[in-house]
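Asks: This structure is in structure tokens; I'll ask about it shortly.
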2 protein chains.
Amino acid sequence: MSEIVAEELPQHPIFVLSGPSFATEVTRGLPTALTLAGETGGENLAQAMSSTTFRLYTTDDIIGTQIGGAIKNVLAIACGIVTGREMGENARAALITRGLAEIVKLGVGLGARSETLMGLSGLGDVVLTCSSPQSRNMSLGIALGRGESLASILSSRSGVTEGISTATAALGLARRHGIDMPVVSAVDRILRDKASIDDMIAELLARPLRNEAA
Amino acid sequence: MSEIVAEELPQHPIFVLSGPSFATEVTRGLPTALTLAGETGGENLAQAMSSTTFRLYTTDDIIGTQIGGAIKNVLAIACGIVTGREMGENARAALITRGLAEIVKLGVGLGARSETLMGLSGLGDVVLTCSSPQSRNMSLGIALGRGESLASILSSRSGVTEGISTATAALGLARRHGIDMPVVSAVDRILRDKASIDDMIAELLARPLRNEAA
């Protein structure tokens, strides 16, 4: 998004605000901490926009701050599938961890810093969205996991489920940078190619054991 | 623990197995992924111990693999307090993110790699424990957050709530390495000094705004 804004509004400073924030909680004054990214001047803007319960942490990593908020929606669909299929909390925690490792690899390939993706706009937002069964993306995954078809789920919804198109877009970026994203790829194949959920789970579980950092 | 084992059993190879794993789910054959740390030979042991649904990822970071499983219990108490006081999901997600950043700083100070702490034995275990209101440490925090006293909570329990002594031990290590751990310190002051929960929350929210990576 920041690249599009820069094209449309050249010479304007660009800031990105992202992180774990259900709007209803923010309006109720409940504590919320977010990342504010910008090239310069972010500290002043953060001071001006913050309150006691609305805390902005600054960074100059504009690209990194945008990646978590987008790709978390794909992970939320994956976590929904695991929840809908009653695969357990161990599996969901592992999926969040390995999924976030994919997001970090993609982000670093695009020029982001891994610290940003392990911060509020990455890890924080992933934890929030992947623990909220009522959120659009996770609830889509839950319905898929229970055996509903994508077409029937979408026909009963009016809102947009961002994760569907984000999965394809993220994979395009990953391919261009030679990055392997097995979790995102499995979600995309379930959504686009009508791949069987059980086959995709079996494929993920059949991947070779490896070094965790690899 | 690995240092004690090395003292007691010199010349023996040491391996550490840690990660997000409710035992009841493991015994039911639900998918579980863990970190297996050891100096050499971990790949063979991982192959021997793994099954389709029980997957071990290897690392040589023995210290890093032990830190998450210990300090997550302190974070779980903190997340319980936030849950018991009904401070919202935004606050819990921020607490997990900033708390894990403290764990990473301590781990790196002790010679661990940050990737390990962002893996299954760190992030993965934190996500599992901090989302499980029925777990010992989080349930203690929930009761504290609702206003019960520590003495009355402990008098009605038989099991050990590890996070209580871990908070003090972690702070001792942090002090020796010059590392700031505001979340762990707030939990320790609530538990040991009977500090008021509202005062500790106000103190955390009054900390100066800063760069997220600082």
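Asks: Determine whether residue B:40 is over 23 Å from residue A:125 (Cβ atoms), modelled with pLDDT under 95 and either open to solvent by 10 Å² or more (accessible area, probe 1.4 Å) or more than 10 Å from every other protein chain (Cβ to nearest Cβ) (or both). It would help to see each step written out before you state the result.
Replies: On the way: over 23 Å from residue A:125 (Cβ atoms): yes; modelled with pLDDT under 95: yes; either open to solvent by 10 Å² or more (accessible area, probe 1.4 Å) or more than 10 Å from every other protein chain (Cβ to nearest Cβ) (or both): yes.
Here the answer is yes, as residue B:40 does meet what is asked.
Asks: Suppose we filter A:85, A:55 for residues that are modelled with pLDDT of 95 or more, under 23 Å from residue A:30 (Cα atoms) and of a type in the set (D, E, K, R); which single one remains? Steps first, answer last, please.
Replies: Numbers: A:85 fails: under 23 Å from residue A:30 (Cα atoms).
The conditions single out A:55.
Asks: Of A:169, A:174, which residue is away from chain B (no Cβ under 13 Å) and in contact with a helix residue (DSSP H, G or I) (Cβ under 6 Å, 6 or more places away or on another chain)?
Replies: On the way: A:169 fails: in contact with a helix residue (DSSP H, G or I) (Cβ under 6 Å, 6 or more places away or on another chain).
Criteria check complete, one pass: A:174.
Asks: Which one is modelled with the highest pLDDT, of the residues in the stretch A:117-136 that are facing chain B (nearest Cβ under 7 Å) and open to solvent by 10 Å² or more (accessible area, probe 1.4 Å)?
Replies: My answer is A:118.
Asks: Do we find a residue being modelled with pLDDT of 95 or more and in contact with a Gly (Cβ under 6 Å, 6 or more places away or on another chain) anywhere in the stretch A:184-197?
Replies: The answer is no, given that none of the residues of the stretch A:184-197 is modelled with pLDDT of 95 or more and in contact with a Gly (Cβ under 6 Å, 6 or more places away or on another chain).
Asks: If you don't mind, another one. Whether any residue in the stretch B:6-17 is within 13 Å of another protein chain (Cβ to nearest Cβ), in contact (Cβ under 8 Å) with a residue 24 or more places away in the chain, surrounded by fewer than 24 Cβ atoms within 10 Å (Cβ to Cβ) and not basic (Lys, Arg) is what I want to check. Show your work before the answer.
Replies: From the stretch B:6-17, those within 13 Å of another protein chain (Cβ to nearest Cβ) are B:16-17; that's our starting set.
From what is left, the residues that are in contact (Cβ under 8 Å) with a residue 24 or more places away in the chain are B:16-17.
Now narrow it down to the ones that are surrounded by fewer than 24 Cβ atoms within 10 Å (Cβ to Cβ): B:16-17.
Narrowing further to those that are not basic (Lys, Arg): B:16-17.
Yes; the residues of the stretch B:6-17 include at least one that is within 13 Å of another protein chain (Cβ to nearest Cβ), in contact (Cβ under 8 Å) with a residue 24 or more places away in the chain, surrounded by fewer than 24 Cβ atoms within 10 Å (Cβ to Cβ) and not basic (Lys, Arg).
Asks: Restricting attention to the stretch B:12-20, does a residue exist that is of a type in the set (A, V, I, L, M, F, W, C), in contact with a helix residue (DSSP H, G or I) (Cβ under 7 Å, 6 or more places away or on another chain) and within 19 Å of residue A:91 (Cα to Cα)?
Replies: Going residue by residue through the stretch B:12-20, those that are of a type in the set (A, V, I, L, M, F, W, C) are B:14-17.
In the following step, the residues that additionally are in contact with a helix residue (DSSP H, G or I) (Cβ under 7 Å, 6 or more places away or on another chain) were identified as B:14-16.
Narrowing the set further to residues that are within 19 Å of residue A:91 (Cα to Cα) leaves none.
Checked the stretch B:12-20: no residue is of a type in the set (A, V, I, L, M, F, W, C), in contact with a helix residue (DSSP H, G or I) (Cβ under 7 Å, 6 or more places away or on another chain) and within 19 Å of residue A:91 (Cα to Cα).
Asks: Just to be sure I understand, how many residues within the stretch B:59-116 are free of Cβ contacts under 8 Å to residues at least 24 places away in the same chain, open to solvent by 20 Å² or more (accessible area, probe 1.4 Å) and of a type in the set (A, V, I, L, M)?
Replies: 3
Asks: Looking for whichever is among the charged types (D, E, K, R) and over 28 Å from residue A:106 (Cβ atoms) here; the options are A:3, A:7, A:25, A:39. Which one fits? Break it down stepwise before answering.
Replies: Details: A:3 fails: over 28 Å from residue A:106 (Cβ atoms); A:7 fails: over 28 Å from residue A:106 (Cβ atoms); A:39 fails: over 28 Å from residue A:106 (Cβ atoms).
Unique residue meeting the criteria: A:25.
The values are calculated or read from the model by the stated rules, or taken from the named source; none is laboratory data. Computed from a predicted structure; not experimentally measured. No Cβ is skipped: glycine too gets one built from the backbone with ideal geometry, and neighbour counts run over all protein chains shown. Each accessible area value is taken on the protein alone, full model and side chains, heavy atoms only, with ligands, DNA and RNA left out. Shrake-Rupley method; radii C 1.70, N 1.55, O 1.52, S 1.80 Å.
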